[in-house]
There are 2 protein chains.
Amino acid sequence: MIPFKIYLDERELPDKWLNIKGFMKDKPAPLIRPTDGKPCTLGDLTPVFCDALAAQELDGTSKYIEIPKPINDFYKLFRPSPLVRAYGLERALDTPAEIYYKFEGNNTSGSHKLNSAAAQAYYAKAQGLDAVTTETGAGQWGTALAMAGAYFGVGVNVFMVKVSYEQKPFRRNVMEVYGASVTPSPSEKTAAGRSILAAHPNTDGSLGCAISEAVEAATTDRSGKTRYVLGSVLDQVVLHQSVIGLETKTALDKYGIKPDVIIGCAGGGSNLGGLIAPFVAEKLEGKSDVRLVAVEPASCPSLTKGEYRYDYCDTAKITPLAKMYTLGCDFIPSASHAGGLRYHGMSPVLSKLYHDKYIEARSYTQTQVFAAAVEFAKIEGTLPAPESAHAIKGAIDIALDCKKSGEKKVIVFGLTGTGYFDMKAYGEFMNGSMKDSAYSAN
Amino acid sequence: MIPFKIYLDERELPDKWLNIKGFMKDKPAPLIRPTDGKPCTLGDLTPVFCDALAAQELDGTSKYIEIPKPINDFYKLFRPSPLVRAYGLERALDTPAEIYYKFEGNNTSGSHKLNSAAAQAYYAKAQGLDAVTTETGAGQWGTALAMAGAYFGVGVNVFMVKVSYEQKPFRRNVMEVYGASVTPSPSEKTAAGRSILAAHPNTDGSLGCAISEAVEAATTDRSGKTRYVLGSVLDQVVLHQSVIGLETKTALDKYGIKPDVIIGCAGGGSNLGGLIAPFVAEKLEGKSDVRLVAVEPASCPSLTKGEYRYDYCDTAKITPLAKMYTLGCDFIPSASHAGGLRYHGMSPVLSKLYHDKYIEARSYTQTQVFAAAVEFAKIEGTLPAPESAHAIKGAIDIALDCKKSGEKKVIVFGLTGTGYFDMKAYGEFMNGSMKDSAYSAN
């Protein structure tokens, strides 16, 4: 019998990340410079990113990249993550399908974000840097980076969107326990922040503004010993997140289980890209016809309603342009949207795979997603993050398809994290005040 | 090499709980009735507690009690918990000691409380009851019971101390997601609540008052299909928590590791009792001389400053009396005490073991405890609950003793849970506003 949870032995953990681009014959279009539209070079990226990370960003050929031992030692504090057989959910749905989920929430950051934070903090330290800067909205990425910075001994300066800074003081407290410096954005610390404050003194802040401040703080630091880091979207982040998929594949192989469908939520795309990495590699090599499903919010549907074109990665238009599915870099999801996954674009690697039909996509409204989350919590015990619950909803629907067709498929989905800091949204769902909003370009 | 984390195979999980009393030649004094001072009988307890739980409460002879399969299936959703080798902490302390901790926080309730909630909800359902009532202060126990109630299909009515209900709406939201009904206490639902409200309309509530309401709500329910359940102190709870110690022992035995010192935080005592269960059993049989250390807060020091005598289990003096170390059932810890473990008494089983010198005890101030918590979080990754951090502080001090003496001892401590809902206290510690208060009888 398959156990409730498959935990790998530490000796079975991956010692290399998998670089999806290395398996693609038809590569994603390169990042281009906003100044002249030419492909970004290493020299364009290293003033902003750590050298090793910039090199990973541009590496389109390596199939695997070795995980440095200190990163793997840190991973061992919170990895392997369990691959859970959802016996209870299968029974409740009365489906012939087998359902598994890879659960990434068993660490203090509460999500998979720590997989990439570990790598980025390590490379910063290895390069002799003093500090890294970043932005955070709800705070999961900032928390993950603070934890990794504390472990590797590199400073972490977080620009936190002002409204979150004020409404989520506990998230900030967690980052500060790990020694990070947290600044509400917009701030007086940067020219970008000062200019926004001058124009809008009472602004709540935005992720776009926080990105601008974090990039400026890194690139204008006179010591030259600070770089900017980012928690999703970029190819380097998808690369680091491949540990999720590699562990999943090893665990499935160990029990001779062949997945038919793999499902992940998709915001910037790093979790989904990481989860599917080894499976899409086989598909690209013609060795597998596994279905790969991205699930996104109906009110921020970059894959299902966006255009595939070059766009800025940020709202402030200071970053390079990436070819991706995008709702436009000015897009802001409806204020009534509580369920995370608010990014206007999608990982360039995933965008290309979607465009080439290796991946399919679907979207759900947030009340559909929260209903699935509550059902899941009662049956399987874990209270999921609203982001993760998109994948739960997708898995439930596909398992119900199997019930209709009588097919005994193997469904695997990514449960990226826990919802302990999302209780305001859960409270709104439970008391019936949560609203759905249709997508409209803005 | 010992792995960073030892996870047992599901087939290695215990199928019996260990009943410490069964190994004691000199038994703890019995619970007595407040009316006539005679020992409580099964008939005294079953109107309040589920039949099977009342029987467990009075069972002083069985060494082991079988874990029903449905409970073990539920355990498999969040157990085994990992036994972690604290390599990072050992390195940071530069100690020759080996340090291990058993981590119980990887579930949505955030603590070990779910081990007993699972059992209590199961037995209620098996007896054909409709619902259970309980009280909760900070909310960990209430959350655990809500999760177990949802899983087994039994209603859960929680009386939550009013000040916590108002200040911690997110905790309440979690319980409601799992289908529990949460009432701020004092309430109009019970005679006890109405009488307190009449006398003190603006009261914040207290745990003592919430206990009175929960017991009254259970015993006056006309259907006869409701019972009261409790998250600590009682022998039945210590029994269920023995899964912690049994897993720990199996994991240590698997690698041939013999513990020299075992350390746990102690509030009501169920976590410590569960952790040490198989080890104290060996000690009682003269097969081991392992040191067993209880760590308690300096401002609520029931073992180190209390008296060993009969006392009420609750403030309202409606429960039976237990012979235990107690600060007096009227004792209320200083308002500046943020670190949990606020109970006036101590498990009768642990009290007897302490009185007979099988266990030792020590206490720390809360700033000492939070300093240890922050150090631990940065090194080992996990942000601990303040309660759990008492054990961390004890382990650090004993590891530093080993550094002085050069002894390569094996130290095991219990990390009972995570501190994600305790960030207010962490924030006070980080900004320097946390105060220590000496213990004074009140």
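The values are calculated or read from the model by the stated rules, or taken from the named source; none is laboratory data. Bear in mind that the values here come from a model prediction, so they are computed numbers and not experimental data. Glycine gets a Cβ as well: all are built from the backbone with ideal geometry, and neighbour counts include every protein chain shown. These accessible areas exclude ligands, DNA and RNA; they are computed on the full protein's heavy atoms, side chains included. Shrake-Rupley method; radii C 1.70, N 1.55, O 1.52, S 1.80 Å.
Those residues that are modelled with pLDDT under 80 and either of a type in the set (A, V, I, L, M, F, W, C) or surrounded by fewer than 18 Cβ atoms within 10 Å (Cβ to Cβ) (or both), I need them from region A:303-331; list them, please.
Correct list: A:ALA316 only.
Does A:GLY417 satisfy being within 14 Å of chain B (Cβ to nearest Cβ), within 20 Å of A:VAL161 (Cβ to Cβ), open to solvent by less than 50 Å² (accessible area, probe 1.4 Å) and modelled with pLDDT of 95 or more?
Here the answer is yes, as A:GLY417 does meet what is asked.
For residues that are buried (at least 18 other Cβ atoms within 10 Å of the Cβ) and among the hydroxyl-bearing types (Ser, Thr, Tyr), scanning just region B:54-86, find the one that is nearest to B:PHE279 (Cα to Cα).
Looking at residues that are buried (at least 18 other Cβ atoms within 10 Å of the Cβ) and among the hydroxyl-bearing types (Ser, Thr, Tyr), I get B:SER81.
Suppose the filter is out of contact with any helix residue (DSSP H, G or I) (no Cβ under 7 Å at 6 or more places or on another chain), within 20 Å of B:PRO384 (Cα to Cα), open to solvent by 10 Å² or more (accessible area, probe 1.4 Å) and within 14 Å of chain B (Cβ to nearest Cβ); does A:LYS113 pass it?
So A:LYS113 does not fit the description; no.
Is there any pair with a first residue in region B:192-217 that is in contact (Cβ under 8 Å) with a residue 24 or more places away in the chain and open to solvent by less than 40 Å² (accessible area, probe 1.4 Å) and a second that is among the basic types (Lys, Arg) and assigned to a helix (DSSP H, G or I) whose Cβ atoms are under 6 Å apart and which are 6 or more apart or on different chains, and what are they?
These pairs meet every condition: B:GLY205/B:LYS162.
Quick one: which residue in A:GLY60, A:GLY37 is away from chain B (no Cβ under 14 Å) and over 21 Å from the mean Cα position of the chain (by Cα)?
Of A:GLY60, A:GLY37, the one residue that is away from chain B (no Cβ under 14 Å) and over 21 Å from the mean Cα position of the chain (by Cα) is A:GLY37.
Of all residues in region B:38-53 being over 13 Å from B:ALA119 (Cα atoms) and part of a loop (DSSP other than H, G, I, E, B), which is most open to solvent (accessible area, probe 1.4 Å)?
B:LYS38
From the list B:VAL237, B:VAL243, which residue is out of contact with any strand residue (DSSP E or B) (no Cβ under 9 Å at 6 or more places or on another chain), in a helix (DSSP H, G or I), open to solvent by less than 10 Å² (accessible area, probe 1.4 Å) and away from chain A (no Cβ under 14 Å)?
None of the other options fit; the residue is B:VAL237.
Kindly evaluate A:SER433 against the criterion of being among the polar types (S, T, N, Q) and open to solvent by less than 30 Å² (accessible area, probe 1.4 Å).
no
Being small (Gly, Ala, Ser), open to solvent by less than 20 Å² (accessible area, probe 1.4 Å) and at pLDDT 95 or above is the requirement here; does B:ALA294 meet it?
Here the answer is yes, as B:ALA294 does meet what is asked.
Looking only at region A:152-179, which residues are free of Cβ contacts under 8 Å to residues at least 40 places away in the same chain, away from chain B (no Cβ under 11 Å) and either in a loop (DSSP other than H, G, I, E, B) or of a type in the set (Lys, Arg) (or both)?
Listed by number, the list holds a single entry, A:VAL154.
Give the residues of region A:128-152 that are touching a helix residue (DSSP H, G or I) at 6+ places or on another chain (Cβ under 6 Å) and more than 25 Å from A:HIS200 (Cβ to Cβ), sorted by residue number.
A:VAL132, A:THR143, A:ALA144, A:LEU145, A:ALA146, A:ALA148, A:GLY149, A:ALA150, A:TYR151, A:PHE152 - these are the residues of region A:128-152 that are touching a helix residue (DSSP H, G or I) at 6+ places or on another chain (Cβ under 6 Å) and more than 25 Å from A:HIS200 (Cβ to Cβ).
Please name all residue pairs, on different chains or six or more residues apart, with Cβ atoms under 8 Å, provided the first residue is in region B:91-103 and is within 15 Å of A:LEU77 (Cβ to Cβ) and among the aromatic types (Phe, Trp, Tyr) and the second residue is part of a strand (DSSP E or B) and open to solvent by 20 Å² or more (accessible area, probe 1.4 Å).
B:TYR100/B:ARG85
Please determine, by comparing only the residues of region A:367-386 that are closer than 19 Å to A:LEU83 by Cβ and out of contact with any helix residue (DSSP H, G or I) (no Cβ under 7 Å at 6 or more places or on another chain), which one is farthest from the other protein chains (Cβ to nearest Cβ).
Ranking the candidates gives A:ALA385 first.
Do we find a residue being assigned to a loop (DSSP other than H, G, I, E, B), open to solvent by less than 10 Å² (accessible area, probe 1.4 Å), under 23 Å from A:SER109 (Cβ atoms) and touching a residue at least 24 places away in the same chain (Cβ under 8 Å) anywhere in region A:384-396?
yes
Would you pick out the residues in region B:96-110 that are hydrophobic (A, V, I, L, M, F, W, C) and touching a helix residue (DSSP H, G or I) at 6+ places or on another chain (Cβ under 7 Å)?
Within region B:96-110, B:ALA97, B:ILE99 qualify.
Read through the list (1) away from chain A (no Cβ under 14 Å); (2) in contact with a helix residue (DSSP H, G or I) (Cβ under 7 Å, 6 or more places away or on another chain); (3) crowded, with 24+ Cβ neighbours inside 10 Å, then give the number of the only condition that B:LYS189 fails.
Of the numbered conditions (1) away from chain A (no Cβ under 14 Å); (2) in contact with a helix residue (DSSP H, G or I) (Cβ under 7 Å, 6 or more places away or on another chain); (3) crowded, with 24+ Cβ neighbours inside 10 Å, the odd one out for B:LYS189 is (3).
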